[in-house]
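Chemist: Pasting a structure below so you can have a look.
What follows is calculated from the coordinates using simple rules that are stated; it is not laboratory data. Please read all numbers here as calculations on a predicted model, not as lab measurements. So basically every Cβ, Gly included, is an ideal-geometry build from the backbone, and we count neighbours across all protein chains shown.
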Amino acid sequence: MHVKFGIMRFKDMEMSTRKGKVILFEDLLQKAEEQILKIIEEKNPELANKKETARKVALSAIIFADLQNNRTHDVIFDWKTALSFEGKTGPYILYTYARASSVLKKAKKSKKTMKILDLKEQEVKLLKKLQEFPDKVEQSATQFAPHIIAEYCYELSQTFNEFYHNCSVLGSQEEIFRLKLVESFAIVMKSALNLLGIETVEEM
């Protein structure tokens, strides 16, 4: 079966194999790693395994910049956009995952029973978004369209961050329930990113 796809272009360079104007993936990855490492040094200089983290984040930036687009469209790669920790990018999504991991790491094991009071709007939205995952996987597979998974990762990150900023987790009356929500988010997000070939990071 032939599955057509577009080509990748660079915002500041027109590539041509006949003219020898090409960028090797190794060079692309190295430059991305260097840029991400600088950002990590500024934001979290005490982070362990900075180089390994920078490589994973750099790969996420490149992969997501490509796969977030409909495969039939050409991709215009822009460094500033792809490496940003804000907006529709791989680093933004990995940062959101790391945020959830941090909450789970800080949580203490508790024998308290789960209390579910009136659900907040943000909790309901996150539950509904998590529920969409199986359908998104099926759509992506049947349509040969990885951008459906990429778009879902971005939307799920947005929904989680809205929940995170509006619903305190640790120390709240609903702590056990909300921790389960955070854990469910982490499981689904890791699975979705794995389908795109992106490794998660626990800290950033």
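Chemist: Can you pull out the trypsin sites (Lys or Arg not before Pro) in segment 79-185 that DSSP calls coil and that have at most 10 other Cβ atoms within 10 Å?
Modeler: Filter output for segment 79-185: Lys108, Lys109, Lys111, Lys112.
Chemist: What FRET efficiency, computed as 1/(1 + (r/R0)^6) with R0 = 22 Å and r the Cβ-Cβ distance, is obtained for Ala48 and Ile187, rounded to the nearest 0.05?
Modeler: Once rounded, the FRET efficiency stands at 0.40.
Chemist: Pick out the long, greasy-scoring helices in the chain: whole DSSP H runs spanning 20 Å or more along their own axis by Cα, mean Kyte-Doolittle at least -1.0.
Modeler: 25-43, 50-67, 90-106, 147-166, 175-196
Chemist: Looking only at segment 159-175, which residues have a backbone nitrogen under 20 Å from a spot 7 Å from the Cα of Gln131 in the C-beta direction?
Modeler: 159-164, by backbone N distance to the label point.
Chemist: When the chain is treated as a GNM, springs tying every alpha-carbon pair under 10 Å, which of Ser60, Ser184, Ser157 comes out with the largest mean-square fluctuation?
Modeler: Evaluated over the chain, the most mobile residue of the options is Ser184.
Chemist: How far is it, in nm, from the label point at Ser84 to the one at Ser172 when both lie 7 Å from their Cα along the line to the Cβ?
Modeler: Label-label distance for Ser84 and Ser172, simple model: 2.8 nm.
Chemist: Longer than 32 Å from Cα to Cα, which of Lys50/Lys120; Lys38/Lys106; Lys31/Lys106; Lys56/Lys129; Lys108/Lys190 are they? Say none if no pair is.
Modeler: Lys50/Lys120; Lys31/Lys106
Chemist: Search the structure for amide H atoms under 5 Å from the amide H of Phe10, placed 1.01 Å from N in the peptide plane, and list their residues when 5 or more places away or on another chain.
Modeler: Met15, Phe77
Chemist: Separate question: Under the rule of -39500 (n - 2.57) per DSSP H run of 4 or more residues, summed and divided by the residues of the chain, what mean residue ellipticity at 222 nm is obtained, to the nearest 500 deg cm²/dmol?
Modeler: Result for the chain: -19500 deg cm²/dmol, rounded to the nearest 500.
Chemist: Would you be so kind as to identify which of Ser84, Val137, Ile63 lies farthest towards the positive end of the dipole of the chain, taking Lys and Arg as +1 and Asp and Glu as -1 on Cβ and the Cα centre as origin?
Modeler: It is Val137, whose Cα lies furthest towards the positive end.
Chemist: Under 8 Å for C-alpha pairs, at least 6 residues apart: give me the relative contact order for segment 8-196, rounded to a whole percent.
Modeler: It comes to 23 percent, rounded to a whole number.
Chemist: If you don't mind, another one. Calculate, for Arg71 and Lys109, the FRET efficiency according to 1/(1 + (r/R0)^6) with r their C-beta to C-beta distance and R0 45 Å; round to the nearest 0.05.
Modeler: Given R0 = 45 Å and the Cβ-Cβ separation, E is 0.50.
Chemist: For the peptides 167-177, 189-199, what is the packing order when you average, over each peptide's residues, the other Cβ atoms within 10 Å and list the highest mean first?
Modeler: 189-199, 167-177
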